Amino acid sequence: MIEDFWSIVAVGFAAQMVDGALGMAYGLTSTSLLLTLGYTPASASAAVHLAEVATSAASATSHGIARNIDWRLVRPLAISGILGGVMGASLLATGLGGWLVPFVSVYLGVMGCVILWKAFRQMPGIRPPRGLLPLGWVGGFLDAVGGGGWGPIVSGTLVASSSSTRHTIGSSIAAEFFVTTAIAVTFAGHLSLREFGWAALALVVGGLPATPIAALVVRFAPRSWLMVGVGILIVGLGLHGLWRNSGIFLDLL
């Protein structure tokens, strides 16, 4: 796997730029690449989350400096997200999370449409949305099981239900640091570092330079542009997930 180091570095940079600017897609993009390169689902998710400990810390710091964080959102999301993430990481090896994928894809598609609908509406100032504890738990659980998903689930829902796009994205990324750390520690207790260490290092090398650039994009970009970008990305992820897992969805129906 060492021969793929620089390919993973490039993907880490691109994934972190998107994640830092729109609050999502780092885990899904990076995990998809590692699975293509031959990593197992557990080792791919472990590598992504270990790398995210560093990149999410840098990204959260950058968003803090840019004043994009509302701590009223961070605390409940982080606490419940840690609980869900640890449970999801522990269950990943059993394969129990596979049946959730098509339903998550449908949810993402709906949330993306809601965000696009709200993109050009006039909204009031910052107001914390309701249901942060269950949202954090679901986001953490699915993030661990799927190697990514915190951003589309948590950031997508917050952007759809709240009013300050930059604050919801920055706050979601800040909470993600604590959730990712808990998931990475859980994986480390089950897997050998040799299974995913090089991939995690490559993702960190690629991701760290992108974090301050992405935070500035969020700080100064118009709200409508950010919401359109988030909405299109979430709809695309939802449709992609349905296409890849159409067999699972038909079997469940």
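Taking SER90 as the residue in question, decide whether it is hydroxyl-bearing (Ser, Thr, Tyr) and within 14 Å of ALA210 (Cβ to Cβ). Please lay out each step first, then the result.
Values: hydroxyl-bearing (Ser, Thr, Tyr): yes; within 14 Å of ALA210 (Cβ to Cβ): no.
No, not satisfied.
When ALA57 is tested against (1) crowded, with 20+ Cβ neighbours inside 10 Å; (2) at pLDDT 80 or above; (3) under 16 Å from the mean Cα position of the chain (by Cα); (4) aliphatic (A, V, I, L, M), exactly one condition is not met: (1).
Close contacts from the range 178-193, counting a first residue that is of a type in the set (Ser, Thr, Tyr) and exposed (fewer than 15 other Cβ atoms within 10 Å of the Cβ) and a second that is modelled with pLDDT of 85 or more and assigned to a helix (DSSP H, G or I), with Cβ to Cβ under 8 Å and a gap of 6+ residues or different chains, come to none at all.
The values are calculated or read from the model by the stated rules, or taken from the named source; none is laboratory data. The structure presented is a predicted model; accordingly, all values stated were derived computationally and were not measured. When we count neighbours, we look across all protein chains shown, and the Cβ atoms used for this are built from the backbone with ideal geometry, even at glycine.
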